[in-house]
Amino acid sequence: MALSTDNMPQQIRDLKKMLRDNMPDYRERFKQVSEAMEAEVARIKQEEAAGSAIPQFEYADIAAHGFSDAQRAKVLQSGCCIIRHTLPADEVSAHNEALSRYIIDNGYYDHIPTVEDNYFSQLKSDKPQIFGIYWSQAQIWARQHPNMAVARRNLNRLWTWQEGDKTFFDPDREASYADRVRRREPGDATLGLSPHVDSGSIERWIEPHYREVYHDVFFGDWKNYQAFHGANRIEVEEYPSPAVCSVFRTFQGWVALTPQGKGDGTLQMVPSSLAMPYMLLRALQDDVPEDDLCGAAPGRALTVSPKWHPLLLEGLVSIPQMQPGDTVWWHPDTIHAVEDKHNGTEYSNVLFIGAAPDCGKNRTFLAKQRTAFLNGESCPDFAPEHHEKSYAGRATLDDLTELGRHQMGFE
Ligand SMILES: [Fe+2]
């Protein structure tokens, strides 16, 4: 059933009635989740005081042994992690330099369209910090790097990817998703993103597969809810929007191209998997207007607000210092933000690379993306700017390794 944006206020009123009719304990349920979330915020603050609340691992350790049970439990609780030294730092730095030249020498700055970004309801800056670049050598190198495949395989395996005779996705095969580049210059104050969650806003309450994903939160024992269970997630449908990601990702993520940490205009997160159940139940409480889900709107990021979610904002922390080649990963339900101002003295650059395991949904997308790659067009999930069509040095089929060809679905 296709989602409709017709008479959204009435849809939300009907939805709330249906949910509450089936959840007579919605007030008590939220009270319990709130108490558990308060404990989570206390944990986050304690861990921050001791260093960082974001779990951190060494690539060599994960590659050799996978995630231990204790490490897995940390990621499942926090909904995110950092993997140090995923890619060799010296090679990353060389690729960062080459990427700068690729962008500048090919004249990116001479052709900057100012497009309204409805997803965050704000106008993009004249001077871009996020680049509509998809096929640079640096990106191809990082996406098809064997270490990234190992990291993603282990991350995918943190999920329940099969159950009984059902396989939700193949954790060992990656569907390479061509995302963009962030190059944030020192002093920039245009890119800050307020705390939000991607992968759907109103959909999380209204879309039938999402309702199954969150069944225990709404109707069962909320303590049994498993954020890392693959059932139904791969079937979720979102309202069509230029900013919506068409693939199923087990983790969003990026590779640090330059050193960056707190204050350098970088990533912040609320490292708790309980935050989403909290948001879902918060919107159903009596003090929220009947036709409102705490501000959720179709085709927009799901935002976390001081008005409705002050408790969650208490748990917002900046990621610790990152070095070139370190990677950060977060579950599609994890609240994240970008610091308003870059107060550092160097560029803070990243390649957005998440984990999108092989499944029907992702294979369908790869078919469209392959054509874009061969033609040097923008990834079909993003604005059709097609900057790179005429760029010298753009990656072609010859630059793909055997693994890279598999990940792009060429064979
Ligand atoms: Fe985001």
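The numbers here are math on the coordinates, done by the rules we state, and not lab data. Remember, it's a predicted structure, so these values are computed and weren't measured experimentally. As a convention, Cβ positions derive from the backbone with ideal geometry for all residues, glycine included, and neighbour counts pool all protein chains shown.
Annotations for the structure displayed:
- For region 8-408, size of Cβ-based charge dipole, Lys and Arg +1, Asp and Glu -1, in debye: 220
- Excluding same-chain neighbours fewer than eight residues apart, the lysines reachable from LYS262 by a Cα-Cα span under 28 Å are LYS45, LYS74, LYS124, LYS127, LYS307, LYS341.
- In nm, spacing of pseudo-spin labels at ASP165 and ASP286 (7 Å Cα→C-beta vector): 4.9
- Calculated [θ] (222 nm, deg cm²/dmol) that DSSP helices of n ≥ 4 give over the chain, each run adding -39,500 (n - 2.57): -10000 deg cm²/dmol
- Projected onto their three principal axes, the Cα atoms of the chain cover extents of 62, 49, 47 Å, largest first.
- GNM remark for the chain: springs join alpha carbons under 10 Å apart, and the peak mean-square fluctuation among ILE54, ILE130, ILE319 falls on ILE130.
- Straight Cα distances below 18 angstrom link LYS389 to the lysines LYS368, with same-chain residues fewer than 8 positions distant left out.
- Phi-based couplings in Hz for region 137-152 (Karplus 6.51, -1.76, 1.60; Gly and Pro marked x): 4, 4, 5, 4, 4, 5, 4, 9, 5, x, 5, 5, 4, 5, 4, 5
- Distant-in-sequence amide H partners of SER241 (H built 1.01 Å from N, under 5 Å): none
- Summarising the strand pairing of the chain, around 90 percent of its internal DSSP beta bridges are antiparallel.
- Selection of GluC sites (Glu not before Pro), region 300-371, meeting DSSP coil and at most 14 other Cβ within 10 Å: GLU346
- Hz values of 3J(HN,Hα) by residue in region 362-369 - Karplus curve (6.51, -1.76, 1.60), Gly and Pro given as x: 6, 5, 4, 5, 4, 4, 5, 5
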